[in-house]
1. Read phi for every residue in segment 91-105 and hand back ³J(HN,Hα) as whole Hz from Karplus 6.51 cos²θ - 1.76 cosθ + 1.60, θ = phi - 60°, with x for Gly and Pro.
2. For the chain, with equal point scatterers placed on the C-alpha atoms only and solvent neglected, what are the log10 I(q)/I(0) values from the Debye formula at q = 0.10, 0.12, 0.16 1/Å, to two decimals?
3. Ranked highest first by the average count of other Cβ atoms within 10 Å around their residues, in what order do 246-257, 173-184 fall?
4. Place a point 7 Å from the Cα of Y202 along the Cα-to-Cβ direction; which residues of segment 53-70 have their backbone N under 17 Å from it?
5. For segment 38-93 and segment 125-177, compute the distance between their C-alpha centroids and round to whole Å.
6. For I187 paired with F13, estimate the spin-label separation in nm (one decimal), with each label point 7 Å from Cα along the Cα-to-Cβ line.
7. Based on a Kirkwood Rh over C-alpha pairs, give the Stokes-Einstein translational diffusion coefficient of segment 4-53 at 10 °C and viscosity 1.306 mPa s in µm²/s.
8. Between segment 270-288 and segment 226-244, what is the C-alpha centre distance in whole Å?
Amino acid sequence: MGFTSKILFPIIFLLILFILSLSIGSYKVYNPVELASILLGGDSIDKAIIHYRFWRTISALIVGLGLAISGLTIQRILNNPLADPYILGVSSGSALAYLIVLTLGYNNLLLWHVASFTGGLATYALVVSIATLYGLSSLSIIVAGVSITYLLTGITVIIISTLGPRVPFALGWLFGSVAFTPRDTVITSTLIVSFSLVIIAYYRGYLTSLLLGEEVSEAHGVNVRLLRLILSALVALIVSALVAVSGPVGFIGLAAPWLSRFIVGADFTRLLILSAIIGSCIGLGSDIVVRIIGGGVELPLTSITSIIGAPLLVYLSIKSRSVGRL
């Protein structure tokens, strides 16, 4: 089966999910005929609902896509198929910055998103600074990222315990949701993810060469240390933007690249395309499940992505010994 045939079903499935996302919600469910009628010019209330669902759909889609390509990239440059995009400490830094702003009493939604984005990038800068002391190797990045994550998570837990009646609100964001993201934030994050995707695609040949090992890649003229720095910065940029949209959403960055490797093998170009599609499907599908089973209550998005992703990884691990190949 050719590559085009392998991605055809995921693309069709993504289109179906997109239509379902516009149709399904706690207020009202539209059938395809009603949806088409509204899009062509229907009642103002129905139009407002579809408009809200459209931007929520874009949010879920871009979160899934961005986390998938981030996960794939970080796994390749760190030579670790179990690496997650949050291993750089970006998620914990974003969460801490968000909680600090909330604790100070600022109730501006845009300010929360800006703080989250800035906190993530600042944490990444700290992780890279520490890792650089030890040569910016894969191991040094992982150790620095995990260490900073544990440190900031501990501080985050302490801050949460002081929030009192605002604890449920804070936890709702920390477990992930795309229900209340401002349109401007979604547009900005979409542009950031799109820009980063173009850059990652530009380096796809170098990333494929890493399969041969760092020594062989360097012998072919690849500056592995510089490549690792540039691409890890892009991953941090993507994750910071996405955390500002949805809060920390887990498992997509781990599950989507694994499933893609199982389907198309280790070629990075094919992995990048399929991971983006599958990640979008997981993000969008999970948000649809949230709306269906929530009954008007916004469930944590991470709980759904984990429930979907965990059995998937177990199945892939059992199905093929080669699934973990980079």
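1. 4, 5, x, 5, 4, 5, 4, 4, 5, 4, 4, 5, 5, 6, x
2. Reported log10 I(q)/I(0), two decimals: -0.57, -0.82, -1.37.
3. Values: 246-257: 28.1, 173-184: 18.9.
Going from most to least packed, we get 246-257, 173-184.
4. Label zone hits: none.
5. Spelled out, the Cα-based centre of one part sits 21 Å from the other.
6. 3.3 nm
7. Using the Kirkwood radius from Cα pairs, D works out to 134 µm²/s.
8. Between the Cα centre of segment 270-288 and that of segment 226-244, the gap is 19 Å.
Bear in mind that the values in this text are calculations on the coordinates, not laboratory data. These figures come from a predicted structure and were not determined experimentally. With ideal geometry, Cβ positions are generated from the backbone for all residues, glycine too; neighbour counts draw on all protein chains shown.
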